[in-house]
């Protein structure tokens, strides 16, 4: 008997077939999801109406026949009568799942259904020239039904031949790419790995791992979390740690978020958190569900509360999504706070891999900062970890609200020893992101961050040994030293200052103004060039108490060329020790090193 599809818009079926789904692979997800729902409905009816379902294992089977060019998807779920086929299949956009939930709403988590829009079945026509359904309802005395459609608005509905409860859908494949078992396996692995009922491709079970997020966190072992991570991301190194989410108010949300190991090849630009709805994979492009600084996390979120587009392929942004994002962020900060308070040593061991995320969060989200400031920590020169507020409390009277910092690579530099010898507490920064973090904290806390080579603080000056003796022109000895050094460098953009430092061991250091350095760091991060008038601008600070500097000043009247070479050598050594020496200058530095050694050897032998 031939009938017409009940379509509310004249040409909707071609639109569904060609345009609704951007990815043809979706047809497997939709049909398998429908089969899962059919089995779930049967189990609900078994509980509520005491129907007999027999001893056969409830499962979904997918078979590929290359000779006949067919894919068959079979389940032994609830099945359909002929009238139900007309209602659920022939009426496009009618959702059988929604109707079932209204009738049998158990409010049990295990009774959630995947179906929502009722359009998924028609994704089959993206790859099929003909689709057949053979189905038999669970209801007593039901007759089997056979439905046939070639993708037009015409279909056939007749009595079928199926003898057991359930549904068999046969796709006569037009696109032969989908007759490849490897291709179908890949699609199933992507979308259906965590569905609740067994799925077999031929005799191979696809979903043999339960999603770990459905278990209470108290029942999960560390190795289970690691194994599940590698199920999601097979090629990545072990994660640092994880956060298990289980929220039932104000949203229904479960998931596990992992802090990944940050390697040199880590991609900060790509979001890889996987979004599921009722165990079905939707997308790993769900940036709107997370603030930018959390998109570098890994893991899986499963929630039926996110609004999806009609093809269930993309997240639609609305107020619910923003609230979910804020809630997830709060849960993460709560977990970090608990970890820091209760397992501080463990938290510190994670710090190297999580500090980037935390600092980005502080810069992007003020609410996150208010929570994160409690565990935003820095290592100091006493090998202790402390927050900025703890540092301020310790030194607010000694340092005039100034916070001294250096980069980790400078830990053993002679310059840092100036501060260590004076028991001045210095914290270690870790990279360019600290520049923005310091700017933010200065505005928040009313303090000033100063890199130890970004200024000359009174704490490292020995005022009792300042070279203040005046010559006949009224110039101090220190200013004459600075003038001579500058004349020998012969670099207009470099200033020279002669200072009496507390230690005699350091001959000189290069001082780059704190604000100028931060501008340079910012421009390097944004891949912009420094303005020419600021490029390379800095000050060479020479130590008037250093024996080498004193020797150079004495040497200027005996061998001005050697004195000049030594001045330039000290300057380049200062640049080199502070990682400021340009690679192009290295050959000249090496050549001059040899020359200076030869001249010194000649002086000694005289």
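Only the coordinates and a few stated rules stand behind these numbers; no lab work does. It should be emphasised that the depicted structure is a prediction, and the values quoted were computed from it without experimental measurement. Cβ placement follows ideal geometry from the backbone for every residue including glycine, while neighbour counts extend to all protein chains displayed.
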Q | Shape category assigned to the range 460-605 from the gyration tensor of Cα positions, a/c cut at 1.5 | A | oblate
Q: Compute the separation of the alpha-carbon centres of the range 192-263 and the range 403-473 and state it in Å as a whole number.
A: 47 Å
Q. What is the gain in length, in nm to one decimal, between residue 523 and residue 494 on full extension, counting 0.36 nm per residue of separation less the C-alpha to C-alpha distance?
A. 8.3 nm
Q: Would you calculate the separation in nanometres between label points at residue 205 and residue 246, each defined as 7 Å from the Cα along the Cα-to-beta-carbon direction?
A: 2.4 nm
Q: Could you order peptides 224-234, 570-580, 120-130 by the average number of other Cβ atoms within 10 Å of their residues, highest first?
A: 120-130, 570-580, 224-234
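Note the full-extension length gain between residue 305 and residue 384 as 0.36 nm times their separation in residues minus their Cα-Cα distance, in nm to one decimal.
Full extension from residue 305 to residue 384 adds 24.0 nm.
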Q) How would you classify the range 117-236 from its alpha-carbon gyration tensor, with a ≥ b ≥ c the square roots of the eigenvalues: rounded for a/c under 1.5, else prolate if a/b is greater than b/c, otherwise oblate? A) prolate
Q | Cα centroid separation, the range 571-606 to the range 325-356 (Å) | A | 47 Å
Q) Using 13 Å as the cut-off for backbone N distance, which residues of the range 232-262 belong to the label zone defined by a point 7 Å from the Cα of residue 346 along Cα→Cβ? A) 240-244
Q: Provide, as a two-decimal number, the C-alpha radius of gyration of the range 367-437 over 2.2 N^0.38 Å, N being how many residues it has.
A: 1.14
